[in-house]
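This report concerns only the one structure given below.
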Amino acid sequence: MFNNRSGTDNAAFKALYDETFMMLFRVARRITNSDEAAEDVVHDSYIKAVERWGIFPTKDDAKYWLIRVVKNNALNWIKRKGREQKVYQRYFKEMDAASESPEDEALKGEATHDMRRYLDRLPEKFRMVLVLKEYGLLNYKEIGRVMGIAEGNVKVRVFRAREALAVMMREDGNDVSRP
Amino acid sequence: MCPDRELLSAWIDGEVPSPWRETIARHLEACESCSQLVASMNQTHALFSSDAALIDASAEPARVRVEERLGFAAVRGPATSGAFWARRYPVPFPVAAAAALALAVLGFALAESGRRNADLRMAVRRAFEATPVATSGMGIESIIEYISKQNSAVNINITLPPEAFGGVSGEPFIVREADFQAGSRQ
C-alpha cells in the first residue's frame, strides 16, 4: 500500500502502527463494545492516515490525529448502531436483551463488567476523557491535544467522570471505598 | 486541611508536580478520609486496567488481520492527490540508466542523420543550380554542340528575346488588303 512512498515512509508508518495499534484497538473496543467494529474502525483510520501521510509534520502529529479519528469513528459507529437498533426495536421487542455480547453476559455481575456499564452511562464528554486516560494510557496534555481542549479542562472532566462513577457504584451498592 | 478532591484525582494520575506531589503523599498517610477516597479511585483505575488487559489479550489476532488488510507485505499504491504529471514515479536505477543510454544514442544518430541530409541537400542544390553558358544570340547548332560536350544530362533553359514576339503574325498585310479590295462593292 505504500510503494509510492519512500522506504523511509514505509518504515515510519510500520513503526507508528506497531506503537499505536494496541492502544487504538483498546479505545475503539471500549467505545464500540465490539471486537469486529473495533477492528474495522482502527483499520479504516489507518487507511485515512496513509491517505494523508504527507500532512503530518511529525510522528506525534500522526499519532494524535489517529487517536482522534479512531475516537470519532467509534462514536459514529455506536450512533449508527443505535439508530439501527431503534429501527429493529420497533419490530422486535426482544432486541433489548440481544444487545449484549456473550462476553458481557458471562461477566455480568462482576466488578469489571459493572464498571464498564457505568462508563457507558457517562455523558460522552466525560466518558471520552476517561477512556483515553484508562484505555489509551494518555496523560492530561495528550488527552487535551486529542480532544482539542485545555489540559485543565481534562483534569476537571476526569475528576467529574470519577465522581459520577462513584455515585453510580454507591447507588448499586458497589462502593469499593466502603468495605 | 485536606486537599481538593480534584487535586487527589490528578495526584493518582501522576499529574501533580513536585513539591505538591510529596506534600499530598504525606497528607494521605495521616488522613483516613482522603486515603479512602484515593483508594476508591485507585480501585476504579485497577478495574479499568484489568478490563484493558482483557482487551489486549484478544487484540493480537485483530492486529495481525489489520496488518494483512493494510498490506504491509504486498504493497499497493496509496491514493495520491494531484494530476498524474505532478506525481513522482519511482524507476529502478538499471532501467533509468538504460533509458538514458538509449536516449543518448538516439540523439547522436538523429544529429548525424540531420548533418548528412544537409550535405546531400547542398550537393543537389549545387547540381541543379542554373549556370549561364551562352550569351544571347546563340544558335540552335551551338546549343547542340554544347550539349554533346557535356558528360552528364543537363537542364537547359532557353530564353527568347522579348522582341521576337513583337512582330506581326498571321497573313501579310498586303495580302489582306488585296483580299479586302477584291471583296469590296464596285
Taking each residue in A:121-133, count the Cβ atoms of any other chain within 10 Å of its Cβ, then average. What number comes out? 1
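Using a Förster radius of 25 Å, what is the FRET efficiency between B:SER35 and A:LYS79 based on their Cβ-Cβ separation? Nearest 0.05, please.
Details: r = 41 Å, r/R0 = 1.62.
Here the calculated transfer efficiency is 0.05.
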Gain in length, B:GLN150 to B:ALA99, computed as 0.36 nm per residue apart minus the alpha-carbon separation, to one decimal in nm? 13.0 nm
About the Cα centre of the stretch A:110-179, what is the dipole size in debye to 20, counting +1 per Lys and Arg Cβ and -1 per Asp and Glu Cβ, all else neutral? 280
So, R0 is 22 Å and r is the distance between the beta-carbons of B:HIS27 and A:VAL167; what FRET efficiency does that work out to, to 0.05? 0.35
Could you give the nm distance between label points at B:ARG5 and B:ALA46, where each point is 7 Å from its Cα heading toward the beta carbon? 2.1
Packing-based ranking, highest mean first, of B:48-54, A:42-48, B:9-15, A:75-81 given that Cβ atoms within 10 Å are counted: A:42-48, B:9-15, B:48-54, A:75-81
Give the average, rounded to an integer, of partner chain Cβ atoms located within 10 angstrom of each Cβ in B:54-63. 6
Under a crude label model (7 Å from the Cα following the beta-carbon direction), how far is A:ARG121 from A:ASP18 in nanometres? 4.3
Average beta carbon contacts from partner chains per residue of A:12-24, 10 Å cutoff: 2
For a quick protection proxy, order the peptides A:133-145, A:54-66, B:91-103 by their average other-Cβ count within 10 Å, most packed first. A:133-145, A:54-66, B:91-103
Through the Karplus equation 6.51 cos²θ - 1.76 cosθ + 1.60, θ set to phi - 60°, convert the phi angles of the stretch A:50-58 into ³J(HN,Hα) values in whole Hz; use x for Gly and Pro. 5, 5, 10, 3, x, 8, 8, x, 9
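Only the coordinates and a few stated rules stand behind these numbers; no lab work does. All values reported here derive from a predicted model rather than from experimental measurement. Quick reminder, even Gly has a Cβ in these numbers, built from the backbone with ideal geometry, and neighbours come from all protein chains shown.
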